[in-house]
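No value in this document is a laboratory result; all are computed from the given coordinates. Every value quoted in this text rests on a predicted model; they were computed, and no experiment measured them. Counting neighbours? That spans all protein chains shown, and the Cβs are built from the backbone with ideal geometry, glycine included.
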Amino acid sequence: MTLSTILNALLLLALIVWLGYRQSTWRPIRSGRMWRMPILLGIAGAVVLAQTVDRITTLDVIALTVEAAISLGVGAAMGRIARIRPIVAQPSVRTEGASLESRTGWWGMALWLIVIVSRVGIDLAAAANGAFVASSTGAILLLLAANRAMRVLVLESRTRRLVGGGSDTAAPTARSMMGS
């Protein structure tokens, strides 16, 4: 096992624990705040990839394309299955500026497992055939950024529909919540 493999495993484990926690807890829906993670992951991934990759093979492109499709599809599914409800607790610093909150729960965690299993399988197959970019830390961060960005896009779209095209801070009616 190389140091890179160990670091990738630790990074993946830390992200799984953190995202698993976030899947199971109600989080305020605030557009600007939701975009922070995908943007930071994307920048970090691009920087790491630019510093560590000398050349990209055709097999790398194929592996990354398949992984990106899976990440985007799962991100869309996560945004779609997220439960949305009005914030019922007293306003706090955590909920400031939001009137809705969401969570994906155990189904969200199951979707993360799909991403992880498919990623490990594709990475092992790609590496066995000489394509190592797909399993790099930079690629992992970029694919996570794509997943999170797609989730935010779908969640924002659903939120706009719930509040009748208004901002994400408008409170939905009980009838509009039934459709989510």
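Entry note, the chain: the mean residue ellipticity at 222 nm calculated from DSSP H runs of n ≥ 4, each adding -39500 (n - 2.57), is -23500 deg cm²/dmol after division by the residues and rounding to the nearest 500. Placing a pseudo-label 7 Å from each Cα along the Cα-to-Cβ vector at T65 and A9 gives an inter-label distance of 3.2 nm. Here's how it looks for E101: its modeled amide H is under 5 Å from those of I29, R85, I87, which are all 5 or more places away or on a different chain. Segment 120-140 and segment 43-81 have Cα centres lying 10 Å from one another. Between the beta carbons of T57 and R80, assuming R0 = 35 Å, the FRET efficiency works out to 0.55 to the nearest 0.05.
In this label model, L40 and I114 are separated by 2.7 nm, measuring between points 7 Å along each Cα→Cβ vector.
Under 14 Å from a label point set 7 Å out along the Cα-to-Cβ vector of E96, the amide N atoms of segment 15-47 belong to 33.
Can you pull the percent of Cα pairs in segment 1-55 with separation above 14 Å? Summing the P(r) of segment 1-55 above 14 Å gives 71 percent of all pairs.
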